[in-house]
Amino acid sequence: MTDQEYMRRAIGLAGKGEGWTSPNPLVGAVIVKHGAIIGEGFHGRCGGLHAEREAIASLTEPADGATLYVTLEPCCHYGKTPPCTEAVLEQGIARVVIGSRDPNPKVAGKGAQILREAGVQVEEDFLREECDRLNPVFFHYITHRTPYVVMKYAMTLDGKIATRTGASKWITGEEARNRVQLLRHRYSGIMVGIGTVLADDPLLNVRLEGKKSPVRIICDSRLRIPLQSRICRTAKEYRTIVACAVEDEERRRRLEALGITVAVLPDHQGKVDLPGLMEYLGDREIDSILLEGGGGLNESALRSGIVKEVKAFVAPKIFGGAQALTPVAGLGAGTPDQAWMFTLARAEQVGEDVLLTYRSRTEGR
(Lines give C-alpha, C1' and ligand atoms only; values in the text may rest on other atoms or scores of the structure.)
Protein backbone atom coordinates (compact mmCIF):
# COMPACT_ATOMS: atom_id res chain seq x y z
CA MET A 1 0.00 0.00 0.00
CA THR A 2 1.06 3.61 -0.59
CA ASP A 3 1.09 6.62 1.73
CA GLN A 4 -2.09 7.81 0.03
CA GLU A 5 -3.84 4.49 0.65
CA TYR A 6 -2.89 4.47 4.32
CA MET A 7 -4.14 8.03 4.79
CA ARG A 8 -7.40 7.26 2.97
CA ARG A 9 -7.84 4.31 5.31
CA ALA A 10 -7.43 6.73 8.22
CA ILE A 11 -10.02 9.03 6.62
CA GLY A 12 -12.45 6.13 6.37
CA LEU A 13 -11.88 5.26 10.02
CA ALA A 14 -12.45 8.86 11.09
CA GLY A 15 -15.91 8.83 9.54
CA LYS A 16 -16.99 6.07 11.93
CA GLY A 17 -17.15 8.64 14.72
CA GLU A 18 -19.69 10.77 12.84
CA GLY A 19 -22.39 12.05 15.15
CA TRP A 20 -20.68 10.98 18.37
CA THR A 21 -17.58 13.16 18.85
CA SER A 22 -19.15 16.63 19.23
CA PRO A 23 -17.67 19.11 19.98
CA ASN A 24 -14.46 17.26 19.13
CA PRO A 25 -13.28 16.58 15.55
CA LEU A 26 -13.47 13.40 13.50
CA VAL A 27 -10.00 11.82 13.47
CA GLY A 28 -8.61 8.53 12.19
CA ALA A 29 -5.14 7.03 12.64
CA VAL A 30 -3.20 4.13 11.12
CA ILE A 31 0.19 2.83 12.31
CA VAL A 32 2.37 1.04 9.73
CA LYS A 33 5.62 -0.88 10.21
CA HIS A 34 7.59 -2.75 7.55
CA GLY A 35 4.72 -2.29 5.09
CA ALA A 36 2.05 -3.76 7.35
CA ILE A 37 -0.68 -2.11 9.45
CA ILE A 38 0.04 -2.90 13.10
CA GLY A 39 -2.55 -0.62 14.69
CA GLU A 40 -5.44 1.64 13.78
CA GLY A 41 -8.24 3.55 15.44
CA PHE A 42 -10.54 6.54 15.42
CA HIS A 43 -11.95 9.02 17.91
CA GLY A 44 -15.26 7.44 18.84
CA ARG A 45 -16.77 9.73 21.47
CA CYS A 46 -16.04 13.00 23.22
CA GLY A 47 -14.14 12.11 26.39
CA GLY A 48 -12.91 8.83 24.91
CA LEU A 49 -9.46 8.02 23.61
CA HIS A 50 -8.23 10.07 20.68
CA ALA A 51 -7.53 8.29 17.41
CA GLU A 52 -3.77 8.04 18.01
CA ARG A 53 -4.23 6.41 21.40
CA GLU A 54 -6.92 4.08 20.02
CA ALA A 55 -4.46 2.99 17.33
CA ILE A 56 -1.73 2.48 19.91
CA ALA A 57 -4.08 0.44 22.09
CA SER A 58 -4.69 -1.90 19.13
CA LEU A 59 -0.99 -2.51 18.35
CA THR A 60 -0.11 -6.06 17.35
CA GLU A 61 3.62 -5.42 17.86
CA PRO A 62 5.87 -2.62 19.19
CA ALA A 63 5.63 0.61 17.18
CA ASP A 64 9.27 1.69 17.42
CA GLY A 65 10.39 2.93 14.00
CA ALA A 66 6.83 2.87 12.64
CA THR A 67 4.92 5.50 10.65
CA LEU A 68 1.71 7.06 11.98
CA TYR A 69 -0.85 8.37 9.49
CA VAL A 70 -3.29 10.71 11.20
CA THR A 71 -5.98 12.90 9.64
CA LEU A 72 -5.51 15.81 12.09
CA GLU A 73 -2.45 17.20 13.82
CA PRO A 74 -1.88 15.35 17.13
CA CYS A 75 -2.91 17.33 20.21
CA CYS A 76 -0.24 18.52 22.63
CA HIS A 77 -2.32 19.77 25.57
CA TYR A 78 -4.12 18.21 28.50
CA GLY A 79 -7.89 18.09 28.11
CA LYS A 80 -10.16 15.18 28.96
CA THR A 81 -7.28 12.96 27.83
CA PRO A 82 -3.46 13.41 27.93
CA PRO A 83 -1.60 14.80 24.91
CA CYS A 84 -1.32 12.45 21.94
CA THR A 85 2.17 13.77 21.20
CA GLU A 86 3.34 12.12 24.45
CA ALA A 87 1.90 8.78 23.40
CA VAL A 88 3.56 9.00 19.97
CA LEU A 89 6.97 9.71 21.51
CA GLU A 90 6.57 7.00 24.16
CA GLN A 91 6.01 4.43 21.41
CA GLY A 92 9.13 5.41 19.51
CA ILE A 93 7.21 6.18 16.32
CA ALA A 94 9.72 7.53 13.80
CA ARG A 95 7.51 9.23 11.22
CA VAL A 96 4.17 11.04 11.45
CA VAL A 97 2.15 11.94 8.36
CA ILE A 98 -0.50 14.59 9.10
CA GLY A 99 -3.51 15.53 6.97
CA SER A 100 -5.24 18.59 8.42
CA ARG A 101 -3.71 21.31 10.55
CA ASP A 102 -5.51 21.92 13.84
CA PRO A 103 -6.79 25.53 14.17
CA ASN A 104 -7.30 25.08 17.92
CA PRO A 105 -5.02 27.73 19.50
CA LYS A 106 -3.94 25.11 22.06
CA VAL A 107 -2.47 23.05 19.22
CA ALA A 108 -2.08 25.08 15.96
CA GLY A 109 1.33 23.79 14.86
CA LYS A 110 2.60 23.06 18.35
CA GLY A 111 1.90 19.35 18.08
CA ALA A 112 3.98 19.00 14.91
CA GLN A 113 6.71 21.17 16.38
CA ILE A 114 6.99 19.05 19.55
CA LEU A 115 7.36 15.90 17.45
CA ARG A 116 9.99 17.46 15.19
CA GLU A 117 12.01 18.74 18.13
CA ALA A 118 12.02 15.21 19.52
CA GLY A 119 13.52 13.88 16.29
CA VAL A 120 10.37 12.55 14.64
CA GLN A 121 10.08 12.99 10.88
CA VAL A 122 6.87 14.98 10.32
CA GLU A 123 5.05 15.53 7.04
CA GLU A 124 2.11 17.97 7.05
CA ASP A 125 -0.73 18.78 4.65
CA PHE A 126 -0.79 15.25 3.24
CA LEU A 127 -4.09 14.81 1.34
CA ARG A 128 -5.11 17.90 3.28
CA GLU A 129 -8.14 18.73 1.16
CA GLU A 130 -9.61 15.27 1.68
CA CYS A 131 -8.85 15.38 5.41
CA ASP A 132 -10.26 18.88 5.77
CA ARG A 133 -13.58 17.66 4.36
CA LEU A 134 -14.03 15.59 7.50
CA ASN A 135 -14.26 18.57 9.83
CA PRO A 136 -15.94 21.76 8.57
CA VAL A 137 -18.00 21.69 11.79
CA PHE A 138 -14.96 21.48 14.08
CA PHE A 139 -12.95 24.06 12.13
CA HIS A 140 -15.81 26.55 12.34
CA TYR A 141 -16.70 25.89 15.95
CA ILE A 142 -13.16 25.96 17.34
CA THR A 143 -12.47 29.33 15.68
CA HIS A 144 -15.86 31.05 16.14
CA ARG A 145 -17.43 29.24 19.12
CA THR A 146 -20.78 29.26 17.32
CA PRO A 147 -22.54 26.34 15.60
CA TYR A 148 -21.91 25.43 11.99
CA VAL A 149 -25.37 25.84 10.43
CA VAL A 150 -26.45 23.59 7.56
CA MET A 151 -29.68 24.62 5.83
CA LYS A 152 -31.44 21.52 4.47
CA TYR A 153 -34.52 21.31 2.29
CA ALA A 154 -36.15 19.09 -0.31
CA MET A 155 -37.55 20.66 -3.45
CA THR A 156 -38.87 19.86 -6.90
CA LEU A 157 -37.14 20.65 -10.17
CA ASP A 158 -39.00 23.96 -10.22
CA GLY A 159 -37.90 24.85 -6.69
CA LYS A 160 -41.08 24.07 -4.74
CA ILE A 161 -41.17 22.62 -1.21
CA ALA A 162 -44.96 22.12 -1.23
CA THR A 163 -47.88 22.32 -3.64
CA ARG A 164 -50.29 25.25 -3.77
CA THR A 165 -52.44 23.45 -1.16
CA GLY A 166 -49.47 23.13 1.22
CA ALA A 167 -49.06 19.37 0.69
CA SER A 168 -45.42 18.28 0.94
CA LYS A 169 -45.40 14.53 1.69
CA TRP A 170 -43.48 13.24 0.00
CA ILE A 171 -41.29 15.29 -2.31
CA THR A 172 -38.29 12.97 -2.18
CA GLY A 173 -38.02 9.18 -2.11
CA GLU A 174 -37.29 6.83 0.76
CA GLU A 175 -33.51 6.81 0.22
CA ALA A 176 -33.35 10.59 0.54
CA ARG A 177 -35.55 10.56 3.62
CA ASN A 178 -33.24 8.00 5.23
CA ARG A 179 -30.27 10.22 4.42
CA VAL A 180 -31.98 13.06 6.29
CA GLN A 181 -32.20 10.80 9.36
CA LEU A 182 -28.44 10.28 9.13
CA LEU A 183 -27.93 14.04 8.86
CA ARG A 184 -29.97 14.53 12.02
CA HIS A 185 -27.66 12.06 13.74
CA ARG A 186 -24.58 13.82 12.34
CA TYR A 187 -25.33 17.29 13.70
CA SER A 188 -25.70 18.37 17.33
CA GLY A 189 -28.92 20.34 16.94
CA ILE A 190 -31.94 20.60 14.68
CA MET A 191 -33.71 23.95 14.30
CA VAL A 192 -37.17 24.85 12.98
CA GLY A 193 -39.55 27.77 13.31
CA ILE A 194 -42.86 27.83 15.13
CA GLY A 195 -44.66 27.75 11.78
CA THR A 196 -43.32 24.25 11.15
CA VAL A 197 -44.40 23.13 14.63
CA LEU A 198 -47.92 24.51 14.20
CA ALA A 199 -48.34 23.11 10.68
CA ASP A 200 -46.75 19.66 11.04
CA ASP A 201 -46.50 18.90 14.78
CA PRO A 202 -43.11 17.21 14.15
CA LEU A 203 -41.09 15.13 16.60
CA LEU A 204 -37.69 16.13 15.13
CA ASN A 205 -35.92 13.02 16.38
CA VAL A 206 -33.91 10.30 14.61
CA ARG A 207 -35.88 7.22 13.67
CA LEU A 208 -32.90 4.95 12.93
CA GLU A 209 -31.89 2.40 15.53
CA GLY A 210 -28.50 2.98 17.13
CA LYS A 211 -28.33 6.66 16.17
CA LYS A 212 -28.67 9.68 18.44
CA SER A 213 -31.27 12.44 18.19
CA PRO A 214 -30.16 16.08 18.07
CA VAL A 215 -31.03 18.84 20.48
CA ARG A 216 -34.31 20.36 19.26
CA ILE A 217 -34.26 24.14 18.85
CA ILE A 218 -37.52 25.99 18.15
CA CYS A 219 -37.53 29.63 17.08
CA ASP A 220 -40.80 30.92 18.53
CA SER A 221 -40.73 34.70 18.85
CA ARG A 222 -44.08 35.03 20.66
CA LEU A 223 -43.86 31.76 22.61
CA ARG A 224 -46.87 30.21 20.89
CA ILE A 225 -45.78 26.58 20.98
CA PRO A 226 -48.77 24.41 22.05
CA LEU A 227 -48.26 22.59 25.33
CA GLN A 228 -49.90 19.54 23.73
CA SER A 229 -47.53 19.49 20.76
CA ARG A 230 -45.32 16.45 20.35
CA ILE A 231 -42.30 18.66 20.98
CA CYS A 232 -43.61 19.61 24.43
CA ARG A 233 -44.91 16.15 25.31
CA THR A 234 -41.50 14.55 24.62
CA ALA A 235 -39.25 17.28 26.08
CA LYS A 236 -38.10 15.06 28.94
CA GLU A 237 -37.00 12.47 26.40
CA TYR A 238 -35.27 14.80 23.95
CA ARG A 239 -33.36 17.91 25.00
CA THR A 240 -35.34 20.92 23.76
CA ILE A 241 -34.62 24.65 23.62
CA VAL A 242 -37.28 27.21 22.71
CA ALA A 243 -35.88 30.61 21.71
CA CYS A 244 -38.30 33.52 21.98
CA ALA A 245 -38.40 37.32 21.98
CA VAL A 246 -40.91 37.97 24.76
CA GLU A 247 -40.90 37.84 28.55
CA ASP A 248 -43.85 35.66 29.59
CA GLU A 249 -43.09 34.25 33.02
CA GLU A 250 -46.24 32.13 33.32
CA ARG A 251 -45.76 30.55 29.89
CA ARG A 252 -42.08 30.08 30.57
CA ARG A 253 -42.73 28.26 33.84
CA ARG A 254 -45.15 25.90 32.13
CA LEU A 255 -42.65 25.06 29.44
CA GLU A 256 -39.80 24.63 31.89
CA ALA A 257 -41.99 22.29 33.97
CA LEU A 258 -42.20 20.09 30.88
CA GLY A 259 -38.39 19.99 30.65
CA ILE A 260 -37.92 22.70 28.01
CA THR A 261 -35.19 25.34 28.25
CA VAL A 262 -36.52 28.79 27.31
CA ALA A 263 -34.05 31.37 25.98
CA VAL A 264 -35.27 34.97 25.67
CA LEU A 265 -33.21 36.53 22.88
CA PRO A 266 -35.05 39.42 21.17
CA ASP A 267 -33.66 41.44 18.32
CA HIS A 268 -34.61 45.06 17.52
CA GLN A 269 -37.60 43.88 15.45
CA GLY A 270 -39.12 41.77 18.19
CA LYS A 271 -38.00 38.48 16.61
CA VAL A 272 -35.46 35.94 17.80
CA ASP A 273 -31.92 37.30 17.50
CA LEU A 274 -30.38 34.52 15.42
CA PRO A 275 -26.70 35.54 15.82
CA GLY A 276 -27.36 35.89 19.55
CA LEU A 277 -28.96 32.45 19.57
CA MET A 278 -25.87 31.01 17.88
CA GLU A 279 -23.68 32.45 20.63
CA TYR A 280 -26.05 31.05 23.26
CA LEU A 281 -25.92 27.57 21.68
CA GLY A 282 -22.17 27.70 21.16
CA ASP A 283 -21.67 28.44 24.85
CA ARG A 284 -23.54 25.17 25.51
CA GLU A 285 -21.23 23.18 23.23
CA ILE A 286 -23.78 22.76 20.45
CA ASP A 287 -21.30 22.86 17.59
CA SER A 288 -23.60 22.29 14.62
CA ILE A 289 -27.23 22.73 13.55
CA LEU A 290 -29.32 21.17 10.84
CA LEU A 291 -31.74 23.92 9.86
CA GLU A 292 -34.99 22.35 8.64
CA GLY A 293 -36.94 25.59 8.62
CA GLY A 294 -39.67 26.84 6.36
CA GLY A 295 -39.19 29.69 3.94
CA GLY A 296 -39.48 32.40 6.60
CA LEU A 297 -36.84 31.06 8.98
CA ASN A 298 -34.55 30.12 6.10
CA GLU A 299 -34.68 33.69 4.78
CA SER A 300 -33.98 35.10 8.24
CA ALA A 301 -31.06 32.72 8.70
CA LEU A 302 -29.53 33.70 5.36
CA ARG A 303 -30.05 37.39 6.03
CA SER A 304 -28.41 37.09 9.45
CA GLY A 305 -25.36 35.36 7.95
CA ILE A 306 -25.48 32.21 10.06
CA VAL A 307 -25.85 29.71 7.19
CA LYS A 308 -22.52 28.08 6.34
CA GLU A 309 -23.71 25.21 4.16
CA VAL A 310 -26.78 24.26 2.12
CA LYS A 311 -27.93 20.73 1.39
CA ALA A 312 -30.65 20.69 -1.26
CA PHE A 313 -32.39 17.46 -2.15
CA VAL A 314 -33.85 17.86 -5.66
CA ALA A 315 -36.64 15.50 -6.73
CA PRO A 316 -37.46 14.66 -10.37
CA LYS A 317 -40.87 16.34 -10.10
CA ILE A 318 -42.47 19.62 -11.08
CA PHE A 319 -45.33 21.08 -9.01
CA GLY A 320 -45.78 24.41 -10.77
CA GLY A 321 -48.04 27.16 -9.51
CA ALA A 322 -47.30 30.69 -8.40
CA GLN A 323 -48.76 29.96 -4.94
CA ALA A 324 -46.61 26.88 -4.29
CA LEU A 325 -44.07 27.35 -1.48
CA THR A 326 -40.33 27.82 -2.06
CA PRO A 327 -37.37 27.10 0.28
CA VAL A 328 -36.62 30.78 0.94
CA ALA A 329 -39.43 33.30 1.41
CA GLY A 330 -39.29 36.98 2.40
CA LEU A 331 -38.50 39.79 0.02
CA GLY A 332 -35.44 38.08 -1.42
CA ALA A 333 -32.69 39.73 -3.41
CA GLY A 334 -33.55 42.89 -5.31
CA THR A 335 -30.92 42.33 -8.00
CA PRO A 336 -28.79 39.29 -8.95
CA ASP A 337 -25.67 40.78 -7.42
CA GLN A 338 -27.42 40.81 -4.02
CA ALA A 339 -27.77 37.02 -3.98
CA TRP A 340 -26.27 34.90 -1.20
CA MET A 341 -23.37 33.11 -2.86
CA PHE A 342 -22.31 29.49 -2.37
CA THR A 343 -19.78 27.12 -3.94
CA LEU A 344 -20.66 23.58 -4.99
CA ALA A 345 -18.88 21.08 -2.75
CA ARG A 346 -20.54 17.84 -3.82
CA ALA A 347 -23.29 16.43 -6.03
CA GLU A 348 -24.55 12.88 -5.58
CA GLN A 349 -27.52 10.76 -6.54
CA VAL A 350 -29.62 9.44 -3.66
CA GLY A 351 -32.17 7.04 -5.07
CA GLU A 352 -34.15 8.95 -7.71
CA ASP A 353 -33.20 12.27 -6.14
CA VAL A 354 -30.04 14.40 -6.26
CA LEU A 355 -28.33 15.87 -3.19
CA LEU A 356 -26.44 19.11 -3.85
CA THR A 357 -24.10 20.36 -1.12
CA TYR A 358 -22.92 23.96 -1.23
CA ARG A 359 -20.60 25.86 1.11
CA SER A 360 -20.89 29.57 1.84
CA ARG A 361 -18.27 31.65 0.07
CA THR A 362 -17.80 33.68 3.24
CA GLU A 363 -16.81 30.62 5.28
CA GLY A 364 -13.09 30.09 5.92
CA ARG A 365 -11.03 27.06 4.88
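The values are calculated or read from the model by the stated rules, or taken from the named source; none is laboratory data. Just so you know, these numbers come straight off a predicted model, no measurement behind them. Here Cβ is always computed from backbone atoms with ideal geometry, including for glycine, and neighbour counts include all displayed protein chains. Side chains are part of the model used for accessible areas, which takes the heavy atoms of the whole protein and leaves out ligands, DNA and RNA. Shrake-Rupley method; radii C 1.70, N 1.55, O 1.52, S 1.80 Å.
Structural remarks
- Checking Tyr280 against (1) in a loop (DSSP other than H, G, I, E, B); (2) of a type in the set (Phe, Trp, Tyr); (3) over 26 Å from Leu134 (Cβ atoms); (4) within 23 Å of the chain's Cα centre (by Cα), the condition it does not meet: (1)
- Scanning the range 157-180 for residues that are β-branched (Val, Ile, Thr) and in a loop (DSSP other than H, G, I, E, B) turns up Ile161, Thr163, Thr165, Ile171, Thr172.
- Considering the conditions (1) touching a Ser or Thr at 6+ places or on another chain (Cβ under 7 Å); (2) open to solvent by less than 40 Å² (accessible area, probe 1.4 Å), Pro136 is excluded by exactly one of them, (1).
- Only one of the listed residues (Thr81, Thr143) is closer than 24 Å to Gly44 by Cα, open to solvent by 20 Å² or more (accessible area, probe 1.4 Å) and not small (Gly, Ala, Ser). That residue is Thr143.
- Figure legend. Inter-residue proximity from the range 133-156: first residues farther than 24 Å from Val350 by Cα, second residues of a type in the set (A, V, I, L, M, F, W, C), beta-carbon distance below 7 Å, spacing 6+ or different chains. Indicated pairs: Thr146/Met278; Pro147/Met278; Pro147/Leu281; Pro147/Ile286; Pro147/Ile289.
- When Ile194, Ile231, Ile218, Ile225 are screened for being surrounded by 19 or more Cβ atoms within 10 Å (Cβ to Cβ), at pLDDT 95 or above and closer than 19 Å to Ser288 by Cα, only Ile218 passes.
- For the range 131-156, the candidate set comprises residues that are part of a loop (DSSP other than H, G, I, E, B) and over 13 Å from Met278 (Cβ atoms); within that set, the residue that is farthest from the chain's Cα centre (by Cα) is Thr156.
- One residue stands out in the range 296-310 among those that are of a type outside the set (D, E, K, R) and in a helix (DSSP H, G or I): the one that is farthest from Phe139 (Cα to Cα), namely Gly296.
- Within the range 73-108, considering residues that are within 23 Å of Pro62 (Cα to Cα) and assigned to a strand (DSSP E or B), the one nearest to the chain's Cα centre (by Cα): Ile98
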